[in-house]
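Notes follow once the structure below has been shown.
The values are calculated or read from the model by the stated rules, or taken from the named source; none is laboratory data. All values reported here derive from a predicted model rather than from experimental measurement. Quick reminder, even Gly has a Cβ in these numbers, built from the backbone with ideal geometry, and neighbours come from all protein chains shown.
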Amino acid sequence: MEKKLFYGTGLPYLSTKSLPGKLIVIEGPDCSGRSTQIALLKEWLEVKGNAVLDTGLKRSTLVGNVIMEAKKGNILGKTTLSLLYCTDFADQLENKLIPALAAGYIVLADRYIYTLMARDMVRGASKTWLKNLFGFALVPDLIFYLDVDPETLLHRAFSKYGQLDYWESGMDIHLSGDTLESFKKYHELLKMEYEEMTREYGFIVVNGEDGVDKLQMVIRNIINIFLEGK
Amino acid sequence: MKKVRGLGLGKSYSGKLFVVEGCDGSGKSTQLYLLKRWLEAKGYVVFFTEWNSSVLVKDSTSKAKKKNLLTPTTFSLIHASDFADRYEKLILPHLRAGYIVLCDRYKYTAYARDFARGCDPEWVKNVYEFAVKPTVTFYFQAPLEVSISRILLGRPQLKYHEAGMDMGWSNDPIESFKIFQGKIKNNYDAMIEEEGFTVIDAVGSIEDQQVIVRKIVGEKLARYKAPYIPITG
């Protein structure tokens with residue numbers, strides 16, 4: 001059976017109907033170890049002879065600055081923030097991912113629509129609205145989800161940043177006035193959303209508590225099997 | 001009280017929302033301005049807002065347009081972000097507080113333009129699902145030649161996106177603008193029934209049009225109670 005190109009309505013004006021590249025997504029919360037894994041995968045794939053593009057959320061030039069500015073002052077409504085993140089995602093999808101996939105690259109995406117959806121659903125967004133909103137997103141070939149216990153994330157956040165970030169602790173949704181408490185509750189809620197999506201979108205769940213090397217081997221094996229199967 | 005849908009939150013509003021829609025050059029802004037003057041003279045507190053004016057998004061919108069790196073989807077989403085910002089901060093709070101809100105262009109402008117640029121209509125409608133249906137949406141309908149000649153008369157230089165040059169329909173800005181406006185008009189016409197537009201013949205005199213607009217708005221305000229405004233100073 002031919003794999004579906006898009007999740008929903010797609011991009012009706014797109015002339016490219018086949019994308020020979022491969023889209024591999026690494027999902028998971030902040031401090032789950034995504035970027036480390038992606039850096040190692042990139043090196044491995046390039047040595048193997050594959051052309052690789054690594055890209056992540058919030059790296060586009062289009063509205064990235066607006067998001068940054070607005071978050072500083074916490075002045076954005078929830079729907080506005082959703083749409084800005086979606087704009088940013090669409091910009092990267094159309095201007096980076098699709099051209100790379102059309103050219104036969106392996107694209108390693110550091111997070112994809114699932115993180116955006118999880119964050120918004122925790123903030124009360126309608127799931128149907130979000131699914132339709134991201135209906136222009138390409139269906140990835142592989143989606144890895146780095147599963148990490150919120151308690152572990154907490155300690156990683158401390159050792160990485162020295163303090164807890166307002167947004168990554170979900171302080172904007174007033175789960176608790178206490179940042180530490182809020183962080184735990186927020187990440188429990190996010191984890192529930194990711195788990196809910198696991199079945200629906202076919203995440204490959206990998207244990208993000210494993211050491212870097214072990215985790216890398218697990219992911220490489222799965223990618224290898226996938227690439228050889230093609 | 002009408003139900004409000006926004007990110008899963010059920011809220012209702014007691015204000016009134018009047019919207020003008022139509023092609024560039026249809027005269028809708030003039031009509032809305034006259035309506036505003038009339039309502040204010042009657043003592044109502046009126047909140048006015050227009051398309052593409054959110055302070056937050058404005059900068060990046062114009063930057064992106066200059067660089068010409070927008071696709072139909074990002075073009076649509078960046079305008080939706082701009083609208084959502086005004087909607088969440090200004091439009092909805094005023095409606096919930098019971099005020100009269102006047103909008104020069106609303107989500108239907110996005111529908112008409114985004115459909116013309118080739119976005120999926122159902123997708124666009126979903127994007128704007130958070131925005132409530134107005135009390136009345138006036139659609140100022142004019143023959144294409146009329147609105148185009150009004151615009152070209154006042155503006156010798158058409159902007160790149162305004163003329164739809166990004167779509168590659170024609171290398172001539174004026175020709176491209178005509179094609180674009182034609183598509184937009186067709187999209188508006190097709191929405192009349194589904195979205196329940198009140199159609200105003202935009203070829204009539206300004207005065208005649210305003211009489212009709214005021215009559216319709218007046219009827220909608222027959223049982224409207226303005227929120228209490230404390231008198232100061």
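Flag: A:Gly170 does not match the condition of being touching a residue at least 12 places away in the same chain (Cβ under 8 Å) and closer than 30 Å to A:Asn95 by Cα. Only a single item in (1) modelled with pLDDT under 95; (2) crowded, with 17+ Cβ neighbours inside 10 Å; (3) polar (S, T, N, Q) is not met by B:Thr109, and it is number (1).
Answer yes or no as to whether A:Asn74 is polar (S, T, N, Q) and at pLDDT 95 or above. Spelling it out, it is not the case that A:Asn74 is polar (S, T, N, Q) and at pLDDT 95 or above. Residues in segment A:26-44 that are touching a helix residue (DSSP H, G or I) at 6+ places or on another chain (Cβ under 8 Å) and either part of a helix (DSSP H, G or I) or more than 23 Å from A:Ser159 (Cα to Cα) (or both): A:Thr36, A:Gln37, A:Leu40, A:Leu41, A:Trp44. Checking segment B:166-175 against the condition returns a match, with at least one residue being touching a Leu at 6+ places or on another chain (Cβ under 9 Å), closer than 19 Å to B:Ala112 by Cβ and modelled with pLDDT under 95. Screening B:Phe48 on (1) out of contact with any Leu (no Cβ under 8 Å at 6 or more places or on another chain); (2) away from chain A (no Cβ under 12 Å) shows it passes everything except condition (1).
Just a yes or no: is a residue in segment B:190-205 touching a Lys or Arg at 6+ places or on another chain (Cβ under 7 Å), buried (at least 16 other Cβ atoms within 10 Å of the Cβ), touching a residue at least 40 places away in the same chain (Cβ under 8 Å) and under 30 Å from B:Leu95 (Cβ atoms)? Step through it out loud before you land on a result.
Narrowing segment B:190-205 to residues touching a Lys or Arg at 6+ places or on another chain (Cβ under 7 Å): none.
No.
The one condition from (1) closer than 24 Å to A:Lys160 by Cβ; (2) buried (at least 22 other Cβ atoms within 10 Å of the Cβ); (3) within 14 Å of chain B (Cβ to nearest Cβ) that A:Lys72 does not meet is (2).
Close contacts from segment B:21-39, counting a first residue that is surrounded by 18 or more Cβ atoms within 10 Å (Cβ to Cβ) and a second that is of a type in the set (Lys, Arg) and in a helix (DSSP H, G or I), with Cβ to Cβ under 6 Å and a gap of 6+ residues or different chains, come to B:Gly22/B:Lys28; B:Cys23/B:Lys185; B:Gly25/B:Arg150.
Taken over segment B:124-138, the criterion of being surrounded by fewer than 21 Cβ atoms within 10 Å (Cβ to Cβ), outside any loop (DSSP other than H, G, I, E, B) and within 14 Å of chain A (Cβ to nearest Cβ) is satisfied by B:Lys125, B:Asn126. Here A:Leu93, A:Leu97, A:Leu101 are screened, and the one residue that is assigned to a helix (DSSP H, G or I), touching a residue at least 60 places away in the same chain (Cβ under 8 Å) and within 13 Å of chain B (Cβ to nearest Cβ) is A:Leu97. Tell me the helices (runs of 4 or more DSSP H) entirely within segment A:108-179 that contain at least 1 residues that are within 30 Å of A:Lys17 (Cβ to Cβ) and more than 14 Å from chain B (Cβ to nearest Cβ). The qualifying helices (runs of 4 or more DSSP H) are A:113-122.
The set of residues in segment B:56-74 that are part of a helix (DSSP H, G or I) and either at pLDDT 90 or above or touching a Phe, Trp or Tyr at 6+ places or on another chain (Cβ under 8 Å) (or both) comprises B:Lys65, B:Pro72, B:Thr73, B:Thr74. Looking at this structure, is A:Asp88 in contact with a Gly (Cβ under 9 Å, 6 or more places away or on another chain), within 14 Å of chain B (Cβ to nearest Cβ) and of a type in the set (Asp, Glu)? It is true that A:Asp88 is in contact with a Gly (Cβ under 9 Å, 6 or more places away or on another chain), within 14 Å of chain B (Cβ to nearest Cβ) and of a type in the set (Asp, Glu).
If I ask for residues that are within 14 Å of chain B (Cβ to nearest Cβ) and under 15 Å from A:Gly104 (Cα atoms), which ones from segment A:6-57 would you list? Listed by number, the list holds a single entry, A:Thr16.
Identification of helices (runs of 4 or more DSSP H) wholly contained in segment B:139-233 with 1 or more residues that are over 28 Å from B:Phe115 (Cβ atoms) yields B:206-220.
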